[in-house]
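Step one of this worksheet: look at the structure below.
The values are calculated or read from the model by the stated rules, or taken from the named source; none is laboratory data. Values in this document were obtained by computation on a predicted structure and should not be read as measured data. Backbone-built Cβ (ideal geometry, glycine too); neighbour counts: all protein chains shown.
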Amino acid sequence: MTERKRALTDLRPAAQETLFAGWRVTPELKAKLRARISQAEAAPTRKAPKARKPWQRWGGATAVAAAAVVTLAILGQPPVVKEEARPAEVSAAAVTDGYGRSGAPAEGLMKPPGSAEYTVTVMDEAGPPLSGVEAKGKAFQVVTTGASAVEFDNDDTAVTAVPAVEAQPGRKIVLNAEYQLQVTDAVTAMQRLQTLAATTAGYVVDAALNKGHDGSWAGRLTLRLPSGQYNGAIAEIRRIGEVQQERQWSQDVTERYYDLEARIRIQEEYERKLQELAAKATTFDDWMKLTRQINDTRALIEQMQGSLKLLSNQVEYSTINILFTQPAPGKEPPPPPDEDKGLWASMTRAFQRSIDWFGALGQSLLVGAAAVAPFLVAVAVFGLIGLALWRRRRTGPSA
Amino acid sequence: MEATMAGTAALDLADRERALEQLVDAYGDSILQLAYFYLKDRDLAEDIFQDVFTRVYLQLHTFRGESSVKTWIYRIAVNLCHDRLRSWNMRRVLLLGQDFLSNIPLLPTEVDAVEQVLANADRQQLLQKVMELPVEYREVVLLYYYEEMDTREVAEALRLSVGTVRSRLHRARARLKAMLTEGGYAHD
């Protein structure tokens, strides 16, 4: 190898040390490859669509966008699935504080010890959470971690305490919540939420606060709090502002968690046996094969350990997303979405939006005209001069 | 491994599963790294890796053995990387790293000086500068020096003439010299 070649082949160790340290084809990547191959084999062979010209693409997109804008303007905003405001308190007969899912025992309920006050939010499997006890048309059973359980009747109101069901220790539940609040002072709200994170030994993942041109404020915050603090934090968040939307949901990862643990144990045992075999290998080929297998197994173990760690973190810390707004001063907050129901109200609203939309369109056209006016004037001046010169030249010789 | 993979004799083309396994073991890491050198993104590189070996698997029966398996796989990888680089999103990224050096004419007498600069450069800095080269120079440098292909193999993988490969290598080294000199790595 020449000196020239030696200088640049130093790239390899440099790249291996930095760019590619620990990066190689893992069993997981191989599995992804297998999946892609299966997908490719299953997919019918089809001719690639003929590439469209940019203006064709833009034309289509513009038409769709315009149609969407007009439709929205005329029909108003698309319907939003709204939760009906329901009282969150349940009678003292039930001793639970948490959430559940329909048709199945609730998971991971956390009731402050010794508390007789509670709030129940029942999570419908197929939809948004149903606050309180007025879940329609379904029987719900909530199993508590305390001394009793609660059953919700089909008549939406009856609440019955049922014999205690001991919560299984070691359940692994991931808790999540989303809140949309309207606050009177966004800066204070942000401070209170950050304080909440600090006092509950949680942390703020992401926070932003923006002031609008009209003096309104909008903020968002993602909190990760120890799961044991979840209920207290929810209560505090509700106090910070008027709740406009609320969603709580849970995920039982117990099976996945213990399955991962078991698989790690099995793989570690397998790795140990491979190492024993490698130590006894008599040929280079055997040793090489076993070493490769050991490496693959190690990579798999580390990948599973990573997943387990992530899962543990998700269980230990619940995630709460909060969006909050402060209306512009002197501006009436928009009416609650529950108001103005009915056909006439919808028609009025749609008509009003159309008027607003046409008004905005008119304004945009005027602004556009103002923007091009100087160019039009310049074009007109040059045009007139040109026209005058042309006429003079035409009439000149004959004069 | 390359000794057995260079021809198709050791590769059981009838057993696609086994052949794929062998090829992934032999070239998987290299293809990942090659794709990274083009795209500078691990996720994209892993995506290219999957595309390459999916294509290899599906087209294994069309491989005629006119070139080595290695060259064939590299050619697929290079083509896919080129396609990806031509995509709009990648162009936007690459605009940020537009090469600003003009073509530098290189006289034969300058070659020794170039090698001296390259030899003295810190390895990591050299790698960084190679990554900053325009793609047409970066690819020849990587295939020639990093993958240790000869110019004929590089030409086959890139579908270029051997002369073009040599000329690009020549210019790539000149650019590296200029970049390293600007960065204060020249030892006069």
Subject >> Filter pass, A:Ile294 being in contact (Cβ under 8 Å) with a residue 12 or more places away in the chain and away from chain B (no Cβ under 14 Å) >> reply: yes
Subject >> Members of the stretch B:5-39 found to be modelled with pLDDT of 80 or more and either within 9 Å of chain A (Cβ to nearest Cβ) or touching a Gly at 6+ places or on another chain (Cβ under 6 Å) (or both), listed by number >> reply: B:Leu20, B:Glu21, B:Val24, B:Asp25, B:Gly28, B:Asp29, B:Ile31, B:Leu32, B:Gln33, B:Tyr36, B:Phe37
Original post:
Is it the case that some residue within the stretch A:208-218 is in contact with a Phe, Trp or Tyr (Cβ under 9 Å, 6 or more places away or on another chain), surrounded by 17 or more Cβ atoms within 10 Å (Cβ to Cβ) and either at negative phi or outside the structural domain of A:Gln182 (by TED's automatic domain parsing) (or both)?
Top reply: yes
Original post:
So which residues in the stretch A:171-207 are assigned to a strand (DSSP E or B) and either acidic (Asp, Glu) or loosely packed, with under 13 Cβ neighbours inside 10 Å (or both), if there are any at all?
Top reply: A:Glu178, A:Asp206
